[in-house]
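Structure, as C-alpha coordinates:
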Amino acid sequence: MSIPTQTITPPGSPGISLLEHVNINVPTDSPSLSFYTEKLNLPLDTRKSFNIPVFGSKTIWANCGASQIHLPTGPTGQKFRGRIGLLTSGPITPYLPHSISSTDTSCILQSPEGQEFHLRKSPEYKIDLLTYRGTMWSSNQNLTPEDTTDPVNLSKEYGKYEPESDSGGIIGLDYVQSSVPPSTLPKILKFYENIFGSTTFQTEDNKGIVAIGGVTENGECIQNIVFEENEKVEEYDGHHLAIYVASGVSGFTEVFNRAKDLGVVWVNPRFSDKADTLEKALECMQFRFKDIKDVDTGEVLYELEHEVRCSEHKDNRSDLD
Ligand SMILES: [Fe+2]
(Lines give C-alpha, C1' and ligand atoms only; values in the text may rest on other atoms or scores of the structure.)
Protein backbone atom coordinates (compact mmCIF):
# COMPACT_ATOMS: atom_id res chain seq x y z
CA MET A 1 0.00 0.00 0.00
CA SER A 2 1.38 3.37 -0.96
CA ILE A 3 0.44 6.21 1.37
CA PRO A 4 1.92 9.56 0.39
CA THR A 5 3.74 11.59 2.97
CA GLN A 6 1.22 13.97 4.39
CA THR A 7 1.64 17.46 5.59
CA ILE A 8 -1.26 17.79 7.94
CA THR A 9 -2.22 21.27 9.02
CA PRO A 10 0.37 23.47 10.69
CA PRO A 11 1.43 22.42 14.21
CA GLY A 12 -1.09 23.52 16.78
CA SER A 13 -3.88 23.94 14.23
CA PRO A 14 -6.81 21.55 14.46
CA GLY A 15 -7.67 21.34 10.78
CA ILE A 16 -10.62 19.46 9.30
CA SER A 17 -10.27 15.68 9.40
CA LEU A 18 -13.34 14.40 7.56
CA LEU A 19 -16.07 15.58 5.22
CA GLU A 20 -18.68 13.37 6.84
CA HIS A 21 -21.96 14.22 5.15
CA VAL A 22 -23.81 16.49 2.80
CA ASN A 23 -27.45 17.28 3.51
CA ILE A 24 -29.83 18.05 0.64
CA ASN A 25 -33.63 18.10 0.82
CA VAL A 26 -35.68 16.10 -1.60
CA PRO A 27 -39.14 17.54 -2.29
CA THR A 28 -41.95 16.26 -0.08
CA ASP A 29 -44.42 16.05 -2.95
CA SER A 30 -42.21 13.86 -5.15
CA PRO A 31 -39.69 12.06 -2.94
CA SER A 32 -37.56 9.61 -4.85
CA LEU A 33 -34.78 7.41 -3.56
CA SER A 34 -34.17 5.53 -6.78
CA PHE A 35 -31.51 7.93 -8.03
CA TYR A 36 -29.43 7.18 -4.95
CA THR A 37 -30.17 3.48 -4.59
CA GLU A 38 -30.34 2.43 -8.24
CA LYS A 39 -28.21 4.91 -10.20
CA LEU A 40 -25.53 5.76 -7.65
CA ASN A 41 -26.09 2.32 -6.11
CA LEU A 42 -25.57 3.55 -2.56
CA PRO A 43 -26.53 1.35 0.41
CA LEU A 44 -28.88 2.94 2.91
CA ASP A 45 -27.91 3.26 6.54
CA THR A 46 -29.95 0.78 8.55
CA ARG A 47 -30.17 3.21 11.46
CA LYS A 48 -32.69 5.11 9.34
CA SER A 49 -34.30 2.09 7.71
CA PHE A 50 -37.50 2.60 9.69
CA ASN A 51 -37.92 5.81 7.71
CA ILE A 52 -37.91 4.12 4.31
CA PRO A 53 -41.66 3.36 4.33
CA VAL A 54 -42.38 6.98 5.21
CA PHE A 55 -39.75 8.59 3.01
CA GLY A 56 -41.13 11.94 2.04
CA SER A 57 -41.68 12.88 5.66
CA LYS A 58 -38.59 11.40 7.32
CA THR A 59 -34.86 11.48 6.62
CA ILE A 60 -32.87 8.73 4.92
CA TRP A 61 -29.09 8.38 5.03
CA ALA A 62 -27.24 6.93 2.03
CA ASN A 63 -23.75 5.59 2.77
CA CYS A 64 -20.64 6.57 0.83
CA GLY A 65 -17.91 4.75 2.74
CA ALA A 66 -17.11 6.72 5.87
CA SER A 67 -19.28 9.56 4.61
CA GLN A 68 -22.98 9.90 3.87
CA ILE A 69 -25.57 11.78 1.87
CA HIS A 70 -28.41 12.86 4.14
CA LEU A 71 -31.77 13.12 2.41
CA PRO A 72 -34.39 14.86 4.50
CA THR A 73 -37.47 16.21 2.78
CA GLY A 74 -38.71 19.74 2.45
CA PRO A 75 -41.08 21.93 0.45
CA THR A 76 -38.53 22.08 -2.37
CA GLY A 77 -35.44 20.10 -3.29
CA GLN A 78 -32.01 21.46 -2.50
CA LYS A 79 -28.62 21.29 -4.16
CA PHE A 80 -25.14 22.60 -3.68
CA ARG A 81 -24.27 25.48 -5.99
CA GLY A 82 -21.76 23.22 -7.66
CA ARG A 83 -20.86 19.57 -7.80
CA ILE A 84 -20.46 16.86 -5.21
CA GLY A 85 -17.49 14.63 -5.97
CA LEU A 86 -17.68 10.88 -5.32
CA LEU A 87 -14.95 8.27 -5.52
CA THR A 88 -15.38 4.76 -6.86
CA SER A 89 -13.07 1.87 -6.07
CA GLY A 90 -13.66 0.29 -9.47
CA PRO A 91 -14.28 1.48 -13.02
CA ILE A 92 -16.92 4.11 -13.70
CA THR A 93 -18.37 1.95 -16.50
CA PRO A 94 -21.50 0.83 -14.55
CA TYR A 95 -22.47 4.47 -14.05
CA LEU A 96 -22.12 5.58 -17.67
CA PRO A 97 -25.66 4.58 -18.76
CA HIS A 98 -27.02 6.98 -16.11
CA SER A 99 -24.61 9.83 -16.79
CA ILE A 100 -25.34 13.14 -18.52
CA SER A 101 -21.71 13.56 -19.59
CA SER A 102 -18.47 11.65 -19.30
CA THR A 103 -14.75 11.57 -20.06
CA ASP A 104 -12.40 8.58 -20.11
CA THR A 105 -11.93 8.84 -16.35
CA SER A 106 -15.04 10.46 -14.90
CA CYS A 107 -18.74 11.02 -15.40
CA ILE A 108 -21.52 13.29 -14.18
CA LEU A 109 -24.84 12.02 -12.87
CA GLN A 110 -27.66 14.41 -12.06
CA SER A 111 -30.30 13.89 -9.37
CA PRO A 112 -33.97 14.71 -10.03
CA GLU A 113 -33.40 17.89 -8.03
CA GLY A 114 -30.58 18.95 -10.35
CA GLN A 115 -27.66 18.09 -8.06
CA GLU A 116 -24.65 17.07 -10.12
CA PHE A 117 -22.47 14.25 -8.82
CA HIS A 118 -18.99 13.90 -10.31
CA LEU A 119 -17.75 10.30 -10.15
CA ARG A 120 -14.15 9.28 -10.69
CA LYS A 121 -12.09 6.23 -9.91
CA SER A 122 -10.21 6.81 -6.71
CA PRO A 123 -6.43 6.95 -6.61
CA GLU A 124 -5.17 3.80 -4.90
CA TYR A 125 -4.04 5.50 -1.69
CA LYS A 126 -7.46 7.05 -1.18
CA ILE A 127 -9.12 3.65 -1.54
CA ASP A 128 -6.93 2.40 1.29
CA LEU A 129 -7.56 5.40 3.49
CA LEU A 130 -11.30 5.57 2.90
CA THR A 131 -11.75 1.82 3.27
CA TYR A 132 -9.90 1.79 6.57
CA ARG A 133 -11.91 4.74 7.75
CA GLY A 134 -15.07 2.93 6.78
CA THR A 135 -14.32 -0.36 8.43
CA MET A 136 -13.42 1.35 11.69
CA TRP A 137 -16.70 3.22 11.75
CA SER A 138 -18.46 1.11 14.37
CA SER A 139 -15.83 0.68 17.04
CA ASN A 140 -14.82 2.71 20.05
CA GLN A 141 -11.60 4.44 19.38
CA ASN A 142 -8.75 6.41 20.64
CA LEU A 143 -9.84 9.54 18.85
CA THR A 144 -6.53 11.29 18.48
CA PRO A 145 -4.25 9.41 16.11
CA GLU A 146 -0.59 9.81 16.87
CA ASP A 147 0.65 8.84 13.46
CA THR A 148 -1.25 10.73 10.81
CA THR A 149 0.42 8.81 7.99
CA ASP A 150 -1.06 5.53 9.17
CA PRO A 151 -4.48 4.83 7.63
CA VAL A 152 -5.54 2.70 10.56
CA ASN A 153 -4.79 5.51 12.98
CA LEU A 154 -6.43 8.04 10.69
CA SER A 155 -9.53 5.90 10.62
CA LYS A 156 -9.74 5.83 14.39
CA GLU A 157 -10.86 9.41 14.43
CA TYR A 158 -14.37 8.72 13.32
CA GLY A 159 -17.49 7.24 14.74
CA LYS A 160 -19.36 4.44 13.12
CA TYR A 161 -19.86 2.65 9.87
CA GLU A 162 -21.60 -0.27 8.32
CA PRO A 163 -19.24 -2.04 5.96
CA GLU A 164 -20.27 -1.98 2.34
CA SER A 165 -21.29 -5.32 0.90
CA ASP A 166 -20.84 -3.87 -2.52
CA SER A 167 -17.34 -3.87 -4.01
CA GLY A 168 -16.25 -1.67 -6.85
CA GLY A 169 -18.85 0.93 -5.96
CA ILE A 170 -18.72 4.36 -4.40
CA ILE A 171 -16.38 4.45 -1.44
CA GLY A 172 -16.42 8.04 -0.33
CA LEU A 173 -17.07 11.72 -0.75
CA ASP A 174 -14.26 13.29 -2.76
CA TYR A 175 -15.22 16.95 -2.47
CA VAL A 176 -18.02 19.48 -2.39
CA GLN A 177 -17.76 22.41 -4.75
CA SER A 178 -19.64 25.68 -4.51
CA SER A 179 -19.81 28.73 -6.76
CA VAL A 180 -18.98 31.96 -4.95
CA PRO A 181 -19.19 35.62 -6.01
CA PRO A 182 -16.28 37.29 -7.83
CA SER A 183 -13.37 38.59 -5.71
CA THR A 184 -14.25 36.52 -2.65
CA LEU A 185 -12.00 33.48 -3.09
CA PRO A 186 -8.86 34.60 -1.19
CA LYS A 187 -10.98 35.93 1.67
CA ILE A 188 -12.99 32.73 1.88
CA LEU A 189 -9.82 30.66 2.07
CA LYS A 190 -8.49 32.98 4.76
CA PHE A 191 -11.68 32.34 6.76
CA TYR A 192 -11.00 28.58 6.81
CA GLU A 193 -7.36 29.18 7.72
CA ASN A 194 -8.48 31.41 10.55
CA ILE A 195 -11.27 29.22 11.95
CA PHE A 196 -9.81 25.75 11.44
CA GLY A 197 -6.11 26.32 10.80
CA SER A 198 -6.78 24.56 7.51
CA THR A 199 -4.28 24.24 4.71
CA THR A 200 -5.71 26.08 1.70
CA PHE A 201 -4.46 26.86 -1.78
CA GLN A 202 -5.57 27.99 -5.20
CA THR A 203 -5.19 25.79 -8.25
CA GLU A 204 -3.97 26.88 -11.67
CA ASP A 205 -7.56 26.96 -12.89
CA ASN A 206 -8.50 29.34 -10.06
CA LYS A 207 -10.29 26.98 -7.76
CA GLY A 208 -9.89 27.58 -4.05
CA ILE A 209 -9.18 24.42 -2.08
CA VAL A 210 -9.66 23.78 1.63
CA ALA A 211 -7.76 20.59 2.45
CA ILE A 212 -9.41 17.90 4.53
CA GLY A 213 -7.34 15.18 6.14
CA GLY A 214 -4.01 16.49 4.94
CA VAL A 215 -2.22 17.33 1.73
CA THR A 216 0.24 15.11 -0.09
CA GLU A 217 3.60 16.35 -1.32
CA ASN A 218 2.20 16.67 -4.82
CA GLY A 219 -0.72 18.75 -3.62
CA GLU A 220 -3.44 16.08 -3.51
CA CYS A 221 -5.90 16.21 -0.66
CA ILE A 222 -7.67 13.26 0.91
CA GLN A 223 -10.94 15.17 0.58
CA ASN A 224 -11.58 18.84 0.03
CA ILE A 225 -13.99 21.74 0.04
CA VAL A 226 -13.77 23.59 -3.27
CA PHE A 227 -14.84 27.11 -4.17
CA GLU A 228 -14.97 28.58 -7.62
CA GLU A 229 -15.76 32.20 -8.46
CA ASN A 230 -18.71 32.68 -10.76
CA GLU A 231 -20.47 35.79 -12.07
CA LYS A 232 -23.83 34.18 -11.30
CA VAL A 233 -24.37 32.59 -7.91
CA GLU A 234 -27.73 31.06 -7.07
CA GLU A 235 -29.52 32.05 -3.88
CA TYR A 236 -28.69 29.88 -0.88
CA ASP A 237 -31.36 27.19 -0.35
CA GLY A 238 -30.27 25.86 3.07
CA HIS A 239 -28.27 22.75 2.13
CA HIS A 240 -25.41 21.89 4.48
CA LEU A 241 -22.25 19.90 4.95
CA ALA A 242 -20.90 18.22 8.08
CA ILE A 243 -17.22 18.08 8.97
CA TYR A 244 -15.14 16.70 11.79
CA VAL A 245 -12.44 18.76 13.46
CA ALA A 246 -9.14 17.02 14.25
CA SER A 247 -7.34 16.96 17.61
CA GLY A 248 -10.22 15.81 19.80
CA VAL A 249 -11.97 18.02 22.34
CA SER A 250 -9.12 20.51 22.51
CA GLY A 251 -9.18 21.06 18.74
CA PHE A 252 -12.96 21.34 18.72
CA THR A 253 -12.88 23.83 21.60
CA GLU A 254 -10.29 25.92 19.80
CA VAL A 255 -12.35 25.99 16.61
CA PHE A 256 -15.54 26.88 18.51
CA ASN A 257 -13.78 29.75 20.27
CA ARG A 258 -12.42 31.10 17.00
CA ALA A 259 -15.88 30.89 15.41
CA LYS A 260 -17.39 32.63 18.44
CA ASP A 261 -14.79 35.40 18.25
CA LEU A 262 -15.67 35.95 14.60
CA GLY A 263 -19.37 36.04 15.47
CA VAL A 264 -20.41 33.19 13.20
CA VAL A 265 -21.68 30.54 15.66
CA TRP A 266 -25.27 29.95 14.60
CA VAL A 267 -28.29 27.93 15.70
CA ASN A 268 -30.44 26.47 12.95
CA PRO A 269 -34.00 26.31 14.33
CA ARG A 270 -34.66 23.32 12.10
CA PHE A 271 -32.44 21.04 14.18
CA SER A 272 -32.47 19.95 17.80
CA ASP A 273 -28.88 20.95 18.57
CA LYS A 274 -28.90 24.53 19.86
CA ALA A 275 -25.23 25.17 20.57
CA ASP A 276 -24.62 28.87 20.97
CA THR A 277 -22.16 28.54 23.87
CA LEU A 278 -19.09 26.38 24.35
CA GLU A 279 -20.86 24.52 27.14
CA LYS A 280 -23.73 23.59 24.84
CA ALA A 281 -21.37 22.78 21.97
CA LEU A 282 -19.50 20.36 24.24
CA GLU A 283 -22.79 18.80 25.31
CA CYS A 284 -23.70 17.83 21.74
CA MET A 285 -20.12 17.80 20.49
CA GLN A 286 -21.07 19.98 17.57
CA PHE A 287 -22.05 23.48 16.58
CA ARG A 288 -23.09 25.18 13.36
CA PHE A 289 -22.17 28.24 11.39
CA LYS A 290 -23.66 29.57 8.16
CA ASP A 291 -21.88 32.83 7.39
CA ILE A 292 -18.42 32.77 5.85
CA LYS A 293 -16.99 36.16 6.74
CA ASP A 294 -14.13 38.41 5.77
CA VAL A 295 -12.05 37.96 8.93
CA ASP A 296 -10.70 41.50 8.64
CA THR A 297 -13.92 43.44 8.07
CA GLY A 298 -16.69 41.11 9.27
CA GLU A 299 -18.43 41.32 5.88
CA VAL A 300 -20.49 38.23 5.04
CA LEU A 301 -18.97 36.76 1.87
CA TYR A 302 -21.07 33.64 1.43
CA GLU A 303 -23.70 31.50 3.09
CA LEU A 304 -23.15 27.78 3.51
CA GLU A 305 -24.20 25.94 6.66
CA HIS A 306 -21.47 23.84 8.27
CA GLU A 307 -22.23 21.28 10.97
CA VAL A 308 -18.93 21.19 12.83
CA ARG A 309 -18.35 18.07 14.93
CA CYS A 310 -15.85 16.97 17.50
CA SER A 311 -14.23 13.56 16.94
CA GLU A 312 -16.00 12.43 20.11
CA HIS A 313 -19.42 13.25 18.70
CA LYS A 314 -22.00 10.58 19.50
CA ASP A 315 -23.20 10.29 15.97
CA ASN A 316 -25.63 7.53 16.76
CA ARG A 317 -27.90 10.26 18.08
CA SER A 318 -30.71 9.98 15.59
CA ASP A 319 -32.16 13.34 16.60
CA LEU A 320 -29.31 15.16 14.90
CA ASP A 321 -29.65 15.44 11.16
FE1 LIG B 1 -26.31 17.32 9.03
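The values are calculated or read from the model by the stated rules, or taken from the named source; none is laboratory data. Just so it is clear, the structure is predicted and the values come from calculations on it, not from any experiment. Note that each Cβ is placed from the backbone with ideal geometry, even for glycine, and that neighbours are counted across all protein chains shown. When the accessible area is computed, the model is the full protein with side chains, heavy atoms only, and any ligands, DNA or RNA have been set aside. Shrake-Rupley method; radii C 1.70, N 1.55, O 1.52, S 1.80 Å.
Table for the structure above
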quantity: Verdict on GLY248 being surrounded by fewer than 19 Cβ atoms within 10 Å (Cβ to Cβ), within 20 Å of the chain's Cα centre (by Cα) and within 16 Å of the ligand (Cβ to nearest atom); calculated: no
quantity: Residue match in region 17-30 (condition: farther than 30 Å from GLY197 by Cα, within 16 Å of the ligand (Cβ to nearest atom) and touching a residue at least 24 places away in the same chain (Cβ under 8 Å)); calculated: yes
quantity: Members of region 95-133 found to be open to solvent by 50 Å² or more (accessible area, probe 1.4 Å), at pLDDT 95 or above and either under 17 Å from GLY214 (Cβ atoms) or assigned to a loop (DSSP other than H, G, I, E, B) (or both), listed by number; calculated: ILE100, THR103
quantity: Residue that is surrounded by the most Cβ atoms within 10 Å (Cβ to Cβ) [pool: residues in region 46-55 that are touching a residue at least 12 places away in the same chain (Cβ under 8 Å) and within 16 Å of the ligand (Cβ to nearest atom)]; calculated: LYS48
quantity: Residue in region 228-240 that is within 16 Å of the ligand (Cβ to nearest atom), more than 25 Å from GLY82 (Cβ to Cβ) and open to solvent by less than 50 Å² (accessible area, probe 1.4 Å) present; calculated: no
quantity: Hits in region 56-80 (condition: part of a loop (DSSP other than H, G, I, E, B), within 15 Å of the ligand (Cβ to nearest atom) and open to solvent by 30 Å² or more (accessible area, probe 1.4 Å)); calculated: none
quantity: Tally, over region 251-277, of residues that are open to solvent by 40 Å² or more (accessible area, probe 1.4 Å) and either within 16 Å of the ligand (Cβ to nearest atom) or among the charged types (D, E, K, R) (or both); calculated: 11
quantity: Residue within region 297-304 that is at pLDDT 95 or above, open to solvent by 70 Å² or more (accessible area, probe 1.4 Å) and farther than 21 Å from VAL176 by Cα present; calculated: yes
quantity: Residue that is nearest to the ligand (Cβ to nearest atom) [pool: residues in region 291-316 that are closer than 15 Å to ILE195 by Cα and acidic (Asp, Glu)]; calculated: GLU307
quantity: Residue check, PRO43 modelled with pLDDT under 85, more than 17 Å from the chain's Cα centre (by Cα) and open to solvent by 10 Å² or more (accessible area, probe 1.4 Å); calculated: yes
